[in-house]
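Data first, discussion second: the structure below is written as structure tokens.
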Amino acid sequence: MRKFPEWIRRKLPEGSSERTTRKISELKLNTVCESAFCPNRSECWSKQTATFMILGKTCTRFCKFCGVLQGFPEMVQEDEPERVAQGAFALGFRHVVVTSVTRDDLQDEGANQFCRTIAAIRNLLPHVTIEILTPDFHARYELIRQICDARPAVFNHNLETVRRLTRDMRPQADYDRSLEVLRLVKVCRPEILTKSGIMVGLGETREEILQTMKDLRSVDCDILTIGQYLRPREDRQTVVCFVEPEVFLELRGEGKRMGFREVSAGPYVRSSYHAQDVCESAQVPVP
């Protein structure tokens, strides 16, 4: 196992995550913070923020980097959208992020549950901004259109890694299909801001990272996150290298020059890490 460099080590937050933990438990909600073993969970939960994960805890895909359970998924829970909305209300969210496991087993791949969740949040919290982080839905136009018509403020779909590594890291995904998802969002509703994220430290080159960023800008992606890959479990892909903080700063600068509205880059950056701050910097419209 690789030894963590000094810039990866950090202190635990001073605040308590007890209230967030209690509310999530009371409402029987899933979070990607727990399921993916996110290293930022203590920090985020101590600030009473979390990323809800709908459609169960088990993913139908087998990505090598992801800590989420993989296998045969659970039944869709009809009351889940209302419980997510209640959780956001109870914790006082002003920016709500909703993600899901991939549900290739469902006819609509989970699109309707996203729409119902957006509607439930907006009904209870009409003035919050809503960000969704979705699977690729096999780039099916009718499903992406359905979700876009629910009007999330931000539609996030992660490219995850560079083209060369995609087949190995995401065997059931496709690099160009993920780009197509982001392109279709802009076709459906140009006013929705699109967002994507990539990990570094998997063996990619700087040139490949820059090309990936250019590919995202070619489909008018507005917001980019870049973070260090950290192995979530012992049975997942090992870290190839640790990227120094200065490189993240350089990549952020390159991204801004390419035209991204906002680029969040750093060792601990994740898709929804400080999502509200990132969206405010990107000037996401408030309902």
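Coordinate-derived values only; no laboratory data. Computed from a prediction, not measured in an experiment: that's the story for all the values here. Ideal geometry is used to build each Cβ from the backbone, glycine not excepted, and the neighbour counts take in all protein chains shown.
A few points about this structure:
- DSSP bridge orientation in the chain - percent antiparallel, rounded to nearest 5: 5
- A simple packing score, the average count of other Cβ atoms within 10 Å per residue, orders the peptides 257-265, 154-162 as 154-162, 257-265, with the highest score first.
- Dividing the mean sequence gap of close Cα pairs (under 8 Å, 6+ apart) by how many residues the stretch 17-281 holds gives a relative contact order of 15 percent.
- J(HN,Hα) series, the stretch 21-35, from Karplus relation 6.51 cos²θ - 1.76 cosθ + 1.60, nearest Hz, glycine and proline x: 4, 5, 5, 5, 5, 4, 8, 6, 9, 9, 10, 5, 4, 7, 5
- Annotation: amide H-H contacts under 5 Å for Thr99 (H modelled 1.01 Å from N, sequence separation of 5 or more, or interchain): Phe52, Met53, Ile54, Leu133.
- 10 Å beta-carbon shell around Glu262, net charge (K/R +1, D/E -1): +1
- Each principal axis of the Cα cloud of the stretch 1-135 was taken in turn, and the coordinate range along them, longest first, works out to 45, 34, 24 Å.
- Per-residue 3J(HN,Hα) values for the stretch 108-113, derived from phi via the Karplus relation 6.51 cos²θ - 1.76 cosθ + 1.60 with θ = phi - 60°, read 9, 6, x, 4, 5, 5 Hz in sequence order (x marks Gly and Pro).
- Over the chain, dividing the summed -39,500 (n - 2.57) contributions of all DSSP H runs of at least 4 residues by the number of residues returns a 222 nm mean residue ellipticity of -11000 deg cm²/dmol.
- Residue-wise HN-Hα coupling along the stretch 276-287, computed from phi with Karplus coefficients 6.51, -1.76, 1.60 (Hz; x: Gly, Pro): 5, 4, 4, 5, 5, 5, 7, 6, 5, x, 8, x
- The alpha-carbon atoms of the stretch 134-203 define a convex hull whose volume equals 72 cubic angstrom per residue.
- Cβ-derived FRET efficiency at R0 41 Å, Asn123 paired with Leu249, nearest 0.05: 0.50
- Environment charge at Val181 (Cβ cut-off 11 Å; Lys +1, Arg +1, Asp -1, Glu -1): 0
- Cβ-placed point charges (K, R +1; D, E -1), dipole of the chain about Cα centre in debye, nearest 20: 420
- Residues with amide H under 5 Å from that of Gln172, placed H, sequence gap 5 or more: Phe62
- Between the amide H of Leu193 and those of Phe155, distances stay under 5 Å, these residues lying 5 or more places away or on another chain, with hydrogens modeled in the peptide plane.
- 12 Å beta-carbon shell around Ile144, net charge (K/R +1, D/E -1): 0
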